[in-house]
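**Q** Questions regarding the structure given below will be posed in turn.
Laboratory data are not the source of any read-out in this text; all were calculated from the coordinates shown. Since this is a predicted model, take the numbers as computed values, not measurements. Ideal geometry is used to build each Cβ from the backbone, glycine not excepted, and the neighbour counts take in all protein chains shown.
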Amino acid sequence: MSTLLKLAALLLPVAALGLPPSDLLERQDGCTTPAVGAYADVSEKNLPDPWKFASGSAVATPADFACRQAEMSKILQQFVLGDLPPPPDSLTATMSGSSMSLAIKVGSNSKTISVSITKPSGGGTAGGPALIAVGGASIPVPGAVGRIAFGNDACAAQSNPASHGTGWFFDLHGKTHSAGATLAWAWCVGRIIDGLEQLGAAKTGVDPKKLAVTGCSRNGKGAFMVGAFEKRIALVIPQESGSGGAASWRISDSEFAKGKNIQTAHQIVRENAWFSPKFTTYVNKTDTIPGDNHFLAALVAPRGLFVIENDIDWLGPVSTTVAMRAGRTVYDALGVKTNMGFSLVGGHSHCSFPSATNANLLSFFNKFLLGSGNTNDVDTSKANVTMSDWIGNWSAAPRLAA
C-alpha cells in the first residue's frame, strides 16, 4: 500500500470522530486509537460509558476492551492528569544491603535515587511479595509481605499548586512537563519495578510479579494512579482517596450543588499540584470531560483492586460509592467481579483503618500476593445511591469472561 493510501486509511476514522485531520491515530499494544490530545469535549451528565469507544462503536470482545482501556488512559491524560512519559532511555540498578540504587537517564538528564527495601520473610532466591507504600501505609500488612518505601514527595512535590515542576521526575523530564504529581508518581514507581526486575529476586528478595501498592488520602489518590497506569502492580489498595481517586468529578459537583461539604475539581486545583495544569480548563465543567474516575477502576481491571473509603463528607461517600460500583460492573463483565472490592464502613477518623475491614483486606492479600484462597465479595457502603441515575444510559455490558 502506498504511503498516501496508508495516510488516507488513518484519516477516515479520525474524520468519523469529528477530529481535525492533523490528529492522526496512534497504534500501541495492537490498538489503533486517537492520540492524547485528539479527544473531543462532550456534554454528558452521567458517567461516561466504558463500553463505547470515542468513535461511538461498541466494545464487544476482550480485544476491544483492551483497546478501550488504552483509550480511557489517553482521555484521563489529556483532560486531567497530563502526559505519561515512556520508560527512560537507560536505568541501572545496584543493591547494597537493604538499599536499591537507581541511576536513571532521560535524554541528557540523569538522576540517581535510593529505595529502601524490607525483604519479605521466607522469599528465598525466588523472592516474595512486597507492598509499595506511597508516603507510608495505614493498613495492616501480613508479616509475609515485604515493604518498599516510595518517597513520592521527592519524585514530584505536593506542597501547593506552585510546587508543580519540583522533584526528580521533573529533573528528568523538564520543569514544564504536563504531568500532575499523581501521574508522575506512577512513572517513578515504574522505575522502582524496573530496578527490581533488572536485579532479580535473588538480590532484592522481592518477586516483581507479586507487588501491591497503597497510600491514604492524598497518597491514596497516588496509589490509585500508580495501580491504574503501572500494569505490573498485582494488587491496588487506595485508602480514603476521595476526589481525584475513588470519587467521580461529576458526582462530587452534584453533591456540592446539594450543599455537601465535599472536595470538588474546582477546589482541588487551588489546593495542590496533584493534577495537570491542563485540568484547570475543565474544573468548572467536568461534564465536558469524556471520562471520569470510574475509568481508574477499569484501568486496573482485571488485576486486584480493594478500595477503602470513609463516610466523611469531604471524601464524597455518595460519589465514591457510585463511581466504584460502576467500576465493579467492569470487573463483572470480565468475569472477575470479586477481584475488585469496595468497602465504606465509616464511623472512624480519616486514615484510621477500621478493624471490621481486616478480614476482607486479608482475603485480597491472600489471593493476589500470597497465593491462597479467594477474595471476599465486598461491596459495602453506608451511602444510599441510585446507580441508574448515573449509568442508566450505558450500553449493555458485553460478556467478556473467558
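**Q** Can you list the lysines whose alpha carbon sits under 28 Å from that of LYS203, skipping same-chain ones fewer than 8 residues off?
**A** Hits, sequence-local ones excluded: LYS105, LYS111, LYS119, LYS231, LYS367.
**Q** Roughly how many whole Å is it from the C-alpha centroid of region 296-356 to that of region 185-237?
**A** For region 296-356 versus region 185-237, the Cα centre distance is 19 Å.
**Q** One quarter of the convex hull surface, Cα atoms only: what value does that give for region 257-385 in nm²?
**A** One quarter of the hull surface, i.e. the mean projection, equals 9.1 nm².
**Q** Could I have the simple spin-label model distance between ALA40 and SER159, label points 7 Å from Cα toward Cβ, reported in nm to one decimal?
**A** Each label point lies 7 Å from its Cα, and together they span 4.3 nm.
**Q** Show me the trypsin sites (Lys or Arg not before Pro) within region 138-244 that DSSP assigns to loop and that have at most 11 other Cβ atoms within 10 Å of their Cβ.
**A** For trypsin sites (Lys or Arg not before Pro) across region 138-244 that sit outside H, G, I, E and B with at most 11 neighbouring Cβ atoms in 10 Å, the list reads LYS175.
**Q** Taking only the alpha-carbon positions of the chain and ignoring solvent, what does the Debye formula give for the base-10 log of I(q)/I(0) at q = 0.10 Å⁻¹?
**A** -0.64
**Q** With each label point set 7 Å from Cα along the Cα-Cβ vector, what nm distance links ASP389 and ASP89?
**A** Result: 5.3 nm between the two label points.
**Q** For LYS203 and GLU271, what does the FRET efficiency come to when R0 = 51 Å and r is the distance between their Cβ atoms, rounded to the nearest 0.05?
**A** So, using R0 = 51 Å, E works out to roughly 0.80.
**Q** Let me ask something else about it. Would you look at the GNM of the chain, springs on alpha carbons closer than 10 Å, and say which of ASN360, ASN219, ASN160 moves the most?
**A** Top of the fluctuation ranking is ASN160.
**Q** So, one more: Residues with amide H under 5 Å of ILE132's amide H, sequence separation 5 or more or different chain, H placed in the peptide plane at 1.01 Å from N; which?
**A** ILE148, ALA212, VAL213, THR214
**Q** Now a separate question. Work out the FRET efficiency for THR118 and HIS350 from their Cβ-Cβ distance, taking R0 = 22 Å, and round it to the nearest 0.05.
**A** Efficiency for this residue pair is about 0.25.
**Q** If amide H atoms are built 1.01 Å from N in the plane of the peptide, which residues on other chains or at least 5 residues away come under 5 Å of the amide H of VAL345?
**A** Amide H neighbours of VAL345, under 5 Å, 5+ apart: GLU309.
**Q** How large is ³J(HN,Hα) for each residue in region 109-124, as worked out from phi by the Karplus curve 6.51 cos²θ - 1.76 cosθ + 1.60 (θ = phi - 60°), to whole Hz, x for Gly and Pro?
**A** 9, 9, 8, 10, 10, 10, 10, 8, 10, 9, 5, x, 6, x, x, x
**Q** Separate question: Could you tell me which of HIS266, PHE365, THR92 has its Cα farthest along the dipole of the chain towards the positive end, charges placed at Cβ (Lys, Arg +1; Asp, Glu -1), taken about the Cα centre?
**A** THR92
**Q** So which trypsin sites (Lys or Arg not before Pro) in region 253-358 are both in a DSSP loop and have at most 15 other Cβ atoms within 10 Å of their Cβ?
**A** Details: sites: LYS258, LYS260, ARG270, LYS278, LYS285, ARG303, ARG325, ARG328, LYS337; in loops: LYS258, LYS260, LYS285, ARG303.
Sparse-neighbourhood loop trypsin sites (Lys or Arg not before Pro): LYS258, LYS285.
**Q** A follow-up question, please. Write down, largest first, the equivalent ellipsoid semi-axes of region 149-242 in whole Å, where each equals the square root of 5 times an eigenvalue of the alpha-carbon gyration tensor.
**A** Working through the eigenvalues yields semi-axes of 23, 17, 10 Å.
**Q** When ranked by the protection proxy of mean other Cβ atoms within 10 Å per residue, highest first, what sequence do the peptides 42-50, 130-138 form? List each step's numbers first, then the result.
**A** Values: 42-50: 17.3, 130-138: 22.8.
Top to bottom by mean Cβ count within 10 Å: 130-138, 42-50.
**Q** Continuing with the same structure: Treat every Asp and Glu Cβ in the chain as -1 and every Lys and Arg Cβ as +1, leave all other atoms uncharged, and give the resulting dipole magnitude about the Cα centre to the nearest 20 debye.
**A** In total the dipole reaches around 600 debye.
**Q** Take each uninterrupted DSSP H stretch in the chain, measure its Cα extent along the helix axis, and return the ones at 18 Å or beyond whose mean Kyte-Doolittle hydropathy is at least -0.5. Kindly include the intermediate steps, with their values, before the conclusion.
**A** Values: long enough: 3-16 (21 Å, 2.00); 62-76 (21 Å, -0.03); 181-199 (27 Å, 0.75); 317-333 (24 Å, 0.07).
Helix filter hits for the chain: 3-16, 62-76, 181-199, 317-333.
**Q** Let me ask something else about it. Which percentage, to the nearest 5, of the DSSP beta bridges contained in the chain is antiparallel? Walk me through the numbers before you get to the answer.
**A** Numbers: 22 of 49 bridges.
For the chain, the DSSP antiparallel bridge percentage is about 45.
**Q** May I ask which residue of ILE132, PHE170, SER121 lies farthest towards the positive end of the charge dipole of region 72-185, with charges of +1 (Lys, Arg) and -1 (Asp, Glu) on Cβ and the Cα centre as origin?
**A** The residue sitting farthest along the positive end of the dipole is SER121.
**Q** Further, regarding this structure: By its C-alpha gyration tensor, with a ≥ b ≥ c as the square roots of the eigenvalues, how is region 40-100 shaped: rounded for a/c under 1.5, else prolate for a/b larger than b/c, else oblate?
**A** Judged from the Cα gyration tensor, region 40-100 comes out prolate (a/c at least 1.5, a/b above b/c).
**Q** Work from the charge dipole of the chain (Cβ charges, +1 for Lys and Arg, -1 for Asp and Glu, about the Cα centre) and give the residue of VAL213, GLY180, ALA156 farthest towards its positive end.
**A** It is VAL213.
**Q** Also, quick follow-up: Expressed in nm to one decimal, what extension gain is obtained for the pair ASP377 and GLU26 from 0.36 nm per residue of sequence separation less their Cα-Cα distance? If you can, show how the numbers build up before the last one.
**A** Working: separation 351, 0.36 × 351 = 126.36 nm, distance 3.79 nm.
Gain in length upon complete extension: 122.6 nm.
**Q** May I have the extent of the alpha carbons of region 281-348 along their three principal axes, as whole Å values ordered from largest to smallest?
**A** So the three principal-axis extents are 36, 33, 13 Å.
**Q** Dividing the alpha-carbon Rg of region 81-124 by 2.2 N^0.38 Å yields what?
**A** 1.50
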